[in-house]
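So the structure is just underneath, and the comments pick up after that.
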Amino acid sequence: MAFAALGLVLRTHLILPRPLVFCARKVRHCGSVAAVESLAEPVAKHGREVVGRNSKGHEWKKLNSEELGIESWMISKPTRMVLNGLRKKGYEVYLVGGCVRDLILKRTPKDFDIITSAELKEVRKTFAQCEIVGKRFPICHVHVSDTIVEVSSFSTSVGNSKWKFTKYFSKPSGCNGRDYIRWRNCLQRDFTINGLMFDPYAKIVYDYMGGMEDIRKAKVRTVLPANLSFVEDCARILRAVRIAARLGFRFTREIGLSVRELSCSVSRLDKGRILMEMNYMLAFGSAEASLRLLWRFGLLEILLPIQASYFASQGFRRRDERSNMLLSLFSNLDKLVAPNRPCHCSLWIAILAFHEALVDQPRDPLVVAAFCLAVHSGGSLFEAVEIAKKISQPHGPSFDELLEPEDLDFDTAMVDQVIYLAASVKTVLHKMRDQYYVSQAMSKYPQAPCSDLVFIPWALSLRVSKIFDCVRRGMERGSVPKRGGKINYESLALGSLKEVRHTFARIVFDTIYPPNQNQFSK
């Protein structure tokens, strides 16, 4: 019997088609719809028109969006509907923030933010399904099909401005009345590359903060001096990491120093906010780069002390370019998700818990393979073990978390080990919520800051635990194995148990048995 065929049986059971072209190639744009409805106020091409200088000496510019490569179809259909609805009422409308940056970089925006000259109550009157949310910084949520489009108002943003900026900024030269309003709004942004404003009707990108120059230099720079910006809102530290990781940008020297100095301040953030920021880092296709940056700038030991302890035990330097099993797991997650195709946070939490269970007690690769099969199918563990035993392919990278394969003579012995692995993962999940356990994670490294931060809610940890409930001796009640290899991204984002299990198993299996090592003995 050809062992290659047996390997194919395993791959087929896990439904891991090769090559994974549809997963590795991220979707670059947000839609494939026709061009935006005819836009009013066509203007001649501006090219790169330098209008004046801001108080920092940077030239501020009006740039032609077509020459920057921004095309109408890159804007999502729900966003276009909101833009057109407000425009028809005679209001000014702009896209602002990260979505403009991403359109310039030909990347898929995570979402689109609109700012308008309309009051929020006027926005609410314009759309049937619209609500004003937020007390301190109110905005409108416009519901278009299953999408929420966020709309803010110039009048609200000006009203919320504290105007301490005037100490550091003065009105740029060459500013008319409308420029002044736009400039004031951009001044309140966190980073220069987020301080761009795009008029899709005049086809102009306004750059008052020097954001285009920082995009060209691939740098993340704060609008305010970095230490002041991070003291004002320490969540900007995490946003800086997220943006740099996703874009492959570098911090300015000023940001790098400030992040290190103020890293401990992030522990004071609301736990829900930390979970949200961590999810933005780990669920949208840049998890490996985010973990590397968190480690490099001393944030990992604050946010994820258990994982920081693992990095330290591996002898990882701050700028280390090597990989390890944890980074490999998240690298494989990154191949399957994207900014417009994120996963539910339960998936990356499950990966963290699974990996720590292997760190606590390394396992035979075949035990891990059987574990993957059982999680994937929610089915008979004995069937999973039978399929796993037919793998002749040696496991891939030499991870410390994997033992050298041993001869397990009895099916029951492997079954017991797989069940024990599942139980260990659930135990780790419990420990990840134990403040004392978390605080002791870095105890071997007294030079590291002490952190007992737990930001995973109890209800969420229970949800993650259910992923592994299917690893038992018989078929899980009501379980129907997923059919087909294609990921349903809508279900994955919502945390569908079946979809999360399928994707988890796929990530772990591809980490232990990488797709490019598919040569089987004969």
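The values are calculated or read from the model by the stated rules, or taken from the named source; none is laboratory data. Not measured: the values here are computed from a predicted model. When we count neighbours, we look across all protein chains shown, and the Cβ atoms used for this are built from the backbone with ideal geometry, even at glycine. Ligands, DNA and RNA are excluded from the accessible area calculation, which covers all protein heavy atoms including side chains. Shrake-Rupley method; radii C 1.70, N 1.55, O 1.52, S 1.80 Å.
Would you say Arg253 is more than 24 Å from the chain's Cα centre (by Cα), among the basic types (Lys, Arg), more than 30 Å from Arg178 (Cβ to Cβ) and open to solvent by 50 Å² or more (accessible area, probe 1.4 Å)? Yes. Against the criterion of being among the small types (Gly, Ala, Ser), touching a helix residue (DSSP H, G or I) at 6+ places or on another chain (Cβ under 9 Å), over 21 Å from Lys110 (Cβ atoms) and open to solvent by less than 10 Å² (accessible area, probe 1.4 Å), Gly195 does not qualify.
For the range 356-377, check the following and say yes or no: at least one residue is at pLDDT 95 or above and under 23 Å from the mean Cα position of the chain (by Cα). The answer is yes; a qualifying residue exists. Residues in the range 389-414 that are among the hydrophobic types (A, V, I, L, M, F, W, C) and modelled with pLDDT of 90 or more: how many? Number of matching residues: 3. Residues that are farther than 21 Å from Asp469 by Cα and either touching a strand residue (DSSP E or B) at 6+ places or on another chain (Cβ under 9 Å) or open to solvent by less than 20 Å² (accessible area, probe 1.4 Å) (or both) within the range 423-440 comprise just one, Val438.
Every condition in (1) in a loop (DSSP other than H, G, I, E, B); (2) out of contact with any Asp or Glu (no Cβ under 9 Å at 6 or more places or on another chain); (3) on the phi < 0 side of the Ramachandran plot; (4) at pLDDT below 95 holds for Gly484 except the one numbered (3).
Those residues that are open to solvent by 10 Å² or more (accessible area, probe 1.4 Å) and part of a helix (DSSP H, G or I), I need them from the range 487-498; list them, please. Tyr489, Glu490, Ser491, Ala493, Leu494, Leu497, Lys498 - these are the residues of the range 487-498 that are open to solvent by 10 Å² or more (accessible area, probe 1.4 Å) and part of a helix (DSSP H, G or I).
Note on the range 257-273: among residues that are under 21 Å from Leu247 (Cα atoms) and of a type in the set (A, V, I, L, M), the one that is farthest from the chain's Cα centre (by Cα) is Leu257. Here is a list of conditions, (1) at pLDDT 95 or above; (2) assigned by the TED database to the domain that holds Leu497, and Asn340 meets all of them except one; can you say which number that is? Among (1) at pLDDT 95 or above; (2) assigned by the TED database to the domain that holds Leu497, the lone unmet condition for Asn340 is (1).
If we scan the range 363-372, do we find a residue that is open to solvent by 10 Å² or more (accessible area, probe 1.4 Å), outside any loop (DSSP other than H, G, I, E, B) and of a type outside the set (D, E, K, R)? Scanning the range 363-372 turns up at least one residue that is open to solvent by 10 Å² or more (accessible area, probe 1.4 Å), outside any loop (DSSP other than H, G, I, E, B) and of a type outside the set (D, E, K, R).
Of all the criteria given as (1) closer than 27 Å to Met212 by Cα; (2) in contact with a helix residue (DSSP H, G or I) (Cβ under 8 Å, 6 or more places away or on another chain), the one not satisfied by Arg87 is (2).
Does Ser323 meet the test of being at pLDDT 90 or above and under 15 Å from Tyr513 (Cα atoms)? No, not satisfied.
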